[in-house]
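Chemist: Have a look at this one before I ask anything.
The values are calculated or read from the model by the stated rules, or taken from the named source; none is laboratory data. Keep in mind it's a predicted model, so treat the numbers as computed, not measured. Every residue, glycine among them, receives a Cβ derived from its backbone with ideal geometry; neighbour counts consider all protein chains shown. For accessibility, only protein heavy atoms count, side chains too; no ligands or nucleic acids. Shrake-Rupley method; radii C 1.70, N 1.55, O 1.52, S 1.80 Å.
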Amino acid sequence: MERGRILDVIGTLARLGLAAVWLVSGAIKALDPDQTYIAVRAYDVLPADVVSVVATVLPFLELAIGVLLLVGLGTRAVAALSALVLVVFIAGVVQAWARGLSIDCGCFGGGGQVAPDATAYGTEVLRDLGFLLLAGWLIVRPRTLFALDGRLESRPPVRSGERN
Amino acid sequence: MSARPNRTPGGARVSAARRRGGSGTIAGVAVVLVVAAAIVIGLVVHAHRTDTAAQATIPVVHSGDAAAPVSVDPQAAVVTVGAPGAPVTLDVYEDFLCPVCGQFEQVYGDQVRQAVTAGDLDVRYHVVDLLDDRSDPPGYSLAAASAALAVAETDPGAFTSFHDSLYGTQPTEGGRGYDASQLDALATALGVPKGRVADALSAHTYDAAVQASLQKAAVDPTLQQNTSAGSGFGTPTVVYDGRLLDITNPDWLSALLPRH
């Protein structure tokens, strides 16, 4: 009972923390579409016309994930989507690192080519792994406080025999 | 104990799973709707961004030294502005998409024009396509440089105004840039016969010269400096007498010019 409560609080912090990450990164990217295009292009993975679409859609996807996490709707599914997007981001950074590109990840604005000694691939990957950890927690245990998910369930919040 | 009708007989576990499935379905539908809405908004924004940029007319800026002699070396992708034999000759390497080039033109453009008009200065403009992949779609740098060469060859007197107009309302890095018809319309507004620039762009008349000029500059030891992307060739680069000028020093030009 007491333990469950603590886990709920941890889950809630993970959910709101991850929501903040997506809302901030999405808003910065949505407000500067030209810079976002440069950032996506710098990864040198997608063809130019696909880069253009990805760069304009991605910020809104991030904002949508952020809003859903903030209100706690479909937490497990949204956490899984977060994890998927984060894995794609990490793969993008790792391939740039492995190929010897000199880019900034553009994770929170910025992005594009930088001087070879100004790259921060290790930090960027670690940071994304940290976010992935938050998403992982919510996939395993999506039950949190102040979530719409809780209201959608017709039974009282504390159930006996609840696995989560 | 459930207040809901239980269609499957017995099994509290089945009933709980069903109920959870019910709330899960509502949440799932909501998630799909929100994510789909976000993607649709993104696609609409994308379409809108492209459309508005395509409809823009490039505002004409009439250059202050429109009367100065202009000669062009299309093989080298260099346009020289100013009376031959002026006491000072500058080599200016610029990319029409480069924001710092735009700032350079905003701050020093008038001084350069005045010195050219006074006969104190020749400027050799090297139009390069350093930022070719920084427009959406890529290629604005190359198109603008080629268009400038086409203008200089067809109607030399229109070159500086064409140049100043492109910097006057410069497309943003990462933005769409101007397309062939917009560049052609600007040239036409400056007196170049309609279609000349568009034809040169579709025939890629100057592409090889512009690209070769950039490649030459990139390996030229005198042109290397510290740029935002590390040490190397960057734009703008201003060269006088074989040395790079520090254009962050506000007196870089007046220090070179003869005193009157």
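Chemist: Can you confirm whether segment B:203-222 contains a residue that is touching a Gly at 6+ places or on another chain (Cβ under 9 Å) and under 19 Å from residue B:57 (Cα atoms)?
Modeler: No, segment B:203-222 has no match at all.
Chemist: Within segment A:38-50, can you find the residues that are open to solvent by less than 20 Å² (accessible area, probe 1.4 Å) and over 19 Å from the mean Cα position of the chain (by Cα)? Spell out how you get there, then give the answer.
Modeler: Taking segment A:38-50 first, the residues open to solvent by less than 20 Å² (accessible area, probe 1.4 Å) are A:38-39, A:42.
Answer for segment A:38-50, where residues must be open to solvent by less than 20 Å² (accessible area, probe 1.4 Å) and over 19 Å from the mean Cα position of the chain (by Cα): A:38, A:42.
Chemist: OK, next. Do you know which of the residues in segment A:87-113 that are in a strand (DSSP E or B) and farther than 12 Å from residue A:45 by Cβ is farthest from the chain's Cα centre (by Cα)? Give the derivation first.
Modeler: Here is the first cut: in segment A:87-113, the ones in a strand (DSSP E or B) are A:103-104, A:107, A:109, A:112-113.
Filter once more, so that each one left must be farther than 12 Å from residue A:45 by Cβ: A:104, A:107, A:109, A:112-113.
Working: A:104: 17, A:107: 10, A:109: 14, A:112: 20, A:113: 23 Å.
Here the answer is A:113.
Chemist: When both residues are 6+ apart or on different chains and their Cβ atoms are under 7 Å apart, which pairs have a first residue that lies in segment B:98-126 and is β-branched (Val, Ile, Thr), and a second that is part of a helix (DSSP H, G or I)?
Modeler: What qualifies is B:123/B:112; B:123/B:116.
Chemist: To continue, here is another question. Just need a number here: residues in segment A:111-124 that are away from chain B (no Cβ under 11 Å) and either open to solvent by less than 20 Å² (accessible area, probe 1.4 Å) or farther than 30 Å from residue A:7 by Cβ (or both). First the steps, then the outcome.
Modeler: Pass one, segment A:111-124, residues away from chain B (no Cβ under 11 Å): A:120-124.
This time we only want the ones that are either open to solvent by less than 20 Å² (accessible area, probe 1.4 Å) or farther than 30 Å from residue A:7 by Cβ (or both), so: A:120-122, A:124.
Going through segment A:111-124 one residue at a time, the tally reaches 4.
Chemist: Take the residues in segment B:48-83 that are under 30 Å from residue A:60 (Cα atoms) and open to solvent by less than 50 Å² (accessible area, probe 1.4 Å); name whichever of them is nearest to the other protein chains (Cβ to nearest Cβ).
Modeler: Filtering segment B:48-83 for residues that are under 30 Å from residue A:60 (Cα atoms) and open to solvent by less than 50 Å² (accessible area, probe 1.4 Å), the one nearest to the other protein chains (Cβ to nearest Cβ) comes out as B:53.
Chemist: Another one. Test residue A:100 against the stated conditions and say whether it is closer than 26 Å to residue B:136 by Cα, more than 8 Å from chain B (Cβ to nearest Cβ) and open to solvent by 50 Å² or more (accessible area, probe 1.4 Å). Full working, then the answer.
Modeler: Details: closer than 26 Å to residue B:136 by Cα: yes; more than 8 Å from chain B (Cβ to nearest Cβ): yes; open to solvent by 50 Å² or more (accessible area, probe 1.4 Å): yes.
The answer is yes for residue A:100.
Chemist: Going by what's in this entry, would residue A:53 be described as of a type in the set (A, V, I, L, M, F, W, C), closer than 24 Å to residue B:36 by Cα, at the interface with chain B (Cβ under 9 Å from one of its Cβ atoms) and open to solvent by 20 Å² or more (accessible area, probe 1.4 Å)? Outline the logic, then answer.
Modeler: Details: of a type in the set (A, V, I, L, M, F, W, C): yes; closer than 24 Å to residue B:36 by Cα: yes; at the interface with chain B (Cβ under 9 Å from one of its Cβ atoms): yes; open to solvent by 20 Å² or more (accessible area, probe 1.4 Å): yes.
In short, yes.
Chemist: Pick from segment B:88-110 the residues that are under 15 Å from residue B:132 (Cα atoms) and touching a Pro at 6+ places or on another chain (Cβ under 6 Å): which of them is surrounded by the most Cβ atoms within 10 Å (Cβ to Cβ)?
Modeler: Top of the filtered list is B:94.
Chemist: Does residue A:25 qualify as being among the polar types (S, T, N, Q) and without any contact (Cβ under 8 Å) to a residue 24 or more places away in the chain? Walk me through it before giving the result.
Modeler: Details: among the polar types (S, T, N, Q): yes; without any contact (Cβ under 8 Å) to a residue 24 or more places away in the chain: no.
Judged against the criteria, residue A:25 is not a match.
Chemist: So, one more: Touching a helix residue (DSSP H, G or I) at 6+ places or on another chain (Cβ under 6 Å), within 9 Å of another protein chain (Cβ to nearest Cβ) and in a helix (DSSP H, G or I): is that true of residue A:30 in this structure?
Modeler: Values: touching a helix residue (DSSP H, G or I) at 6+ places or on another chain (Cβ under 6 Å): yes; within 9 Å of another protein chain (Cβ to nearest Cβ): yes; in a helix (DSSP H, G or I): yes.
So residue A:30 passes the test.
Chemist: Taking the condition of being in contact with a helix residue (DSSP H, G or I) (Cβ under 9 Å, 6 or more places away or on another chain) and in a helix (DSSP H, G or I), how many residues in segment A:114-128 meet it?
Modeler: Residues in segment A:114-128 being in contact with a helix residue (DSSP H, G or I) (Cβ under 9 Å, 6 or more places away or on another chain) and in a helix (DSSP H, G or I): 5 in total.
Chemist: Then there's this: Failed condition for residue B:101, given (1) in a strand (DSSP E or B); (2) of a type in the set (A, V, I, L, M, F, W, C); (3) in contact with an Asp or Glu (Cβ under 6 Å, 6 or more places away or on another chain), with all others met?
Modeler: Just one mismatch for residue B:101, condition (1).
So that you can scan it fast, the table gives a plain yes or no per residue for (1) under 16 Å from residue B:60 (Cα atoms); (2) outside the structural domain of residue B:108 (by TED's automatic domain parsing); (3) touching a residue at least 60 places away in the same chain (Cβ under 8 Å); (4) hydrophobic (A, V, I, L, M, F, W, C):
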residue: B:140; (1), (2), (3), (4): no, no, no, no
residue: B:153; (1), (2), (3), (4): no, no, yes, no
residue: B:164; (1), (2), (3), (4): yes, no, yes, no
residue: B:173; (1), (2), (3), (4): no, no, yes, no
residue: B:251; (1), (2), (3), (4): no, yes, no, no
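Chemist: Can you name the condition, by its number, that residue A:80 falls short on among (1) open to solvent by less than 40 Å² (accessible area, probe 1.4 Å); (2) more than 9 Å from chain B (Cβ to nearest Cβ)?
Modeler: Looking at each condition in turn, residue A:80 falls short on (1).
Chemist: Of the conditions (1) within 15 Å of the chain's Cα centre (by Cα); (2) closer than 27 Å to residue B:30 by Cβ; (3) within 14 Å of chain B (Cβ to nearest Cβ), residue A:24 clears all except one; give me its number.
Modeler: Of the numbered conditions (1) within 15 Å of the chain's Cα centre (by Cα); (2) closer than 27 Å to residue B:30 by Cβ; (3) within 14 Å of chain B (Cβ to nearest Cβ), the odd one out for residue A:24 is (3).
One line per residue, one yes/no per condition, for (1) within 18 Å of residue A:24 (Cβ to Cβ); (2) hydrophobic (A, V, I, L, M, F, W, C); (3) modelled with pLDDT under 95:
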| position | (1), (2), (3) |
| --- | --- |
| A:81 | yes, yes, no |
| A:102 | no, no, yes |
| A:135 | yes, yes, no |
| A:152 | no, yes, yes |
| A:161 | no, no, yes |
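Chemist: Same structure again: What's the total number of residues in segment A:63-77 that are facing chain B (nearest Cβ under 9 Å), free of Cβ contacts under 8 Å to residues at least 60 places away in the same chain and in contact with a Leu (Cβ under 8 Å, 6 or more places away or on another chain)? Let's see the steps before the verdict.
Modeler: Step one: filter segment A:63-77 for residues facing chain B (nearest Cβ under 9 Å), giving A:63-65, A:67-68, A:73-77.
Imposing the further condition that a residue be free of Cβ contacts under 8 Å to residues at least 60 places away in the same chain reduces the set to A:63-65, A:67-68, A:77.
Pick out the ones that are also in contact with a Leu (Cβ under 8 Å, 6 or more places away or on another chain) and you get A:63, A:65, A:67.
So the count comes out to 3.
Chemist: Scan segment B:208-260 for residues that are in a loop (DSSP other than H, G, I, E, B), within 14 Å of another protein chain (Cβ to nearest Cβ) and not small (Gly, Ala, Ser) and jot them down. Let's see the steps before the verdict.
Modeler: Going residue by residue through segment B:208-260, those that are in a loop (DSSP other than H, G, I, E, B) are B:220, B:224, B:228-229, B:233-236, B:241-242, B:245-260.
So of that shortlist, the ones also within 14 Å of another protein chain (Cβ to nearest Cβ) come out as B:224, B:228-229, B:233-235.
If the condition is that a residue be in a loop (DSSP other than H, G, I, E, B), within 14 Å of another protein chain (Cβ to nearest Cβ) and not small (Gly, Ala, Ser), then B:224, B:233, B:235 are the ones that fit.
Chemist: Residue check, residue B:41 against (1) touching a Pro at 6+ places or on another chain (Cβ under 8 Å); (2) crowded, with 18+ Cβ neighbours inside 10 Å, all met but one. Which one?
Modeler: It fails just one condition, (1).
Chemist: Is it the case, given these coordinates, that residue A:88 is more than 7 Å from every other protein chain (Cβ to nearest Cβ), modelled with pLDDT of 95 or more and open to solvent by 20 Å² or more (accessible area, probe 1.4 Å)? Steps first, please.
Modeler: On the way: more than 7 Å from every other protein chain (Cβ to nearest Cβ): yes; modelled with pLDDT of 95 or more: yes; open to solvent by 20 Å² or more (accessible area, probe 1.4 Å): yes.
Judged against the criteria, residue A:88 is a match.
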